[in-house]
There are 2 protein chains.
Amino acid sequence: MTTDARANLDVGRREILDAAAVEFARSGYAATTIDAIAERMGATKGRVYHYYRAKSEIFADIVSAGMQELIDQIAPIAASADVSSLDRLWRMAHHHAALMMTRNSFQRVAIQSVEMVRQHAAAPSLADTIALRDTYEQLFADVISQGVADGYLRDVDPRQATKPVLGALNWITVWYDPERDSADGTAAINGVADAYADFVVNGLRRIHS
Amino acid sequence: MTTDARANLDVGRREILDAAAVEFARSGYAATTIDAIAERMGATKGRVYHYYRAKSEIFADIVSAGMQELIDQIAPIAASADVSSLDRLWRMAHHHAALMMTRNSFQRVAIQSVEMVRQHAAAPSLADTIALRDTYEQLFADVISQGVADGYLRDVDPRQATKPVLGALNWITVWYDPERDSADGTAAINGVADAYADFVVNGLRRIHS
DNA sequence: GTCTATATGTGGATAGAC
DNA sequence: GTCTATCCACATATAGAC
């Protein structure tokens, strides 16, 4: 395959992923039809099946892209050496919250995949994404671990503590409606992210009384 | 209809709800078949359709039961006059967390319904449950409002503040596996509920620094 | 590379025997 | 009241024309 052919393949696939992410996010995996994805692209089934062999592969690629997006953007924050562990945790939470809104479709699908993996049912090509999610959660666990060591946070189990933290943040995808709340703009998104970052950091913080 | 006939109807339905809750919780609405529900009961489709006209009605009844269970058990805690607003919030969170584990099937289905309502897709008979959920969230909003007035909590918007609180707690249904974690017993469930109640209350608490 | 058929499987719902 | 048998709609995936 030439470089050009591969590039064309990627372009064709990306268009499908963008359309499918919106449909999956809106209707869930089972209720989303290939016809609906094609219609959103202004095409028909034939085009979709030219680039993808199966619906499950489209879904898996969206989940993978969503998780990679999280890792790529949060890992640098987790690694910033000149910022305290407490502030790093706050900034990680803030940016994660913002991504739940600005990249709502892909992130909603990534959340749906958690359920699908749990239901060992339709989780054939989702195997790779489990490792990605584990890597991502470890970024938070490591910073929380450091926060405990630094005396900022209560003496919690780092790995357990990521659950309520990411649970609260991921829940944004449940109530956030990109169409209804699109008028809000970046200022409102930033305000919500502020409130959530405050909430999860304070939730783990050592109490001075 | 005689009183006996009504009682028999209820018994027949309850058996279906219990079996269906497990299946819906495990596989989701779309992926759950009436055959699977019947098989879990040691019966066939015919029995299910004798008591229910449609799959969607079974689902709606489970959601309704799950929500009612929450309201019935948390409302008294919210109303206990001799307990401080801060402690009431802690106890509400603690009991909510415990129910996510002890009544995992019904509560998982109730959570799934949030997505289904959002996806205006298959939400015909789910209309009633929206009001139940709103009532329930208001229990938390009222106590949070009181906690702000009492000076225990930061000056948050009570209705907005319920989102990260219930988000963190509801997320328990995502990772909790009743089969794998059944050996844990009530002690472990209580420990998890403690950690979650601490987390969400501290998340809103006024900082003394 | 994109389209229009179409083959095929599955599952909700119903009919009617017992 | 519970079963078996069946209808029928829908959606994934494929075949083949253009």
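Every number here is computed from the coordinates shown, using simple stated rules; none is lab data. All figures in this text were calculated on a predicted structure; none of them were measured in a lab. Here the Cβ is made from the backbone with ideal geometry for all residues, glycine too, and neighbour counts use every protein chain on show.
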Just to confirm the numbers: A:Arg206, label point 7 angstrom along the Cα-Cβ line, distances to the other copies in nm, shortest first?
2.3
Run a plain Debye calculation on chain A (Cα atoms as equal point scatterers, no solvent) and give log10 I(q)/I(0) at q = 0.08, 0.12 Å⁻¹, rounded to two decimals, same order as the q list.
-0.32, -0.68
Here the averaged projected area of the protein assembly as shown, based on the convex hull of its alpha-carbon atoms and given in nm², is 24.7
Region B:1-47 versus region B:93-152: alpha-carbon centroid distance in Å
24
Mind putting a number on the dipole of region B:2-115 about its Cα centre? Charges go on the C-beta only, +1 for Lys and Arg and -1 for Asp and Glu, and I need it in Debye to the nearest 20.
200
Taking chain B as a Gaussian network, where each spring joins two C-alpha atoms under 10 Å apart, which residue of B:Glu69, B:Glu15, B:Glu137 fluctuates the most?
B:Glu15
Cα-projected label distance for A:Asp18 with B:Met41, points at 7 Å along beta-carbon direction, nm
4.8
Mind putting a number on the dipole of region B:54-204 about its Cα centre? Charges go on the C-beta only, +1 for Lys and Arg and -1 for Asp and Glu, and I need it in Debye to the nearest 20.
280
Charge-dipole axis of the protein assembly as shown as Lys and Arg at +1 and Asp and Glu at -1 on Cβ define it, positive-most pick from A:Ile77, A:Trp90, B:Met41:
B:Met41
Square roots of 5 times each gyration tensor eigenvalue, C-alpha, region A:1-46, largest first, Å
24, 11, 8
When the chain is fully extended, how far beyond the present Cα-Cα distance does A:Ile207 get from A:Asp10, taking 0.36 nm per residue of separation?
65.8 nm
What are the nm distances, shortest first, from B:Ala43 to its equivalents in the other copies, labels at 7 Å along Cα→Cβ?
4.8
Which residue, B:Ala197, B:Thr102, B:Trp175, has the largest displacement toward the positive end of the dipole of chain B when charges sit on each Cβ (Lys, Arg +1; Asp, Glu -1)?
B:Trp175
Note down the nm distance, to one decimal, between modelled labels 7 Å out along Cα→Cβ at B:Ala75 and at B:Glu179.
3.6
On a full-extension model of 0.36 nm per residue, what is the gain between A:Asp150 and A:Gln119, subtracting their alpha-carbon distance, rounded to one decimal in nm?
7.3 nm
Put a point 7 Å out from Cα along the line to Cβ at A:Arg14; what are the distances to that point in the other copies, in nm, shortest first?
5.9
Highest GNM mean-square fluctuation among B:Ala187, B:Ala38, B:Ala75, for chain B with Cα springs under 10 Å, belongs to B:Ala187
Largest fluctuation, A:Arg118, A:Arg133, A:Arg14 only, Gaussian network model of chain A with Cα springs under 10 angstrom, belongs to A:Arg118
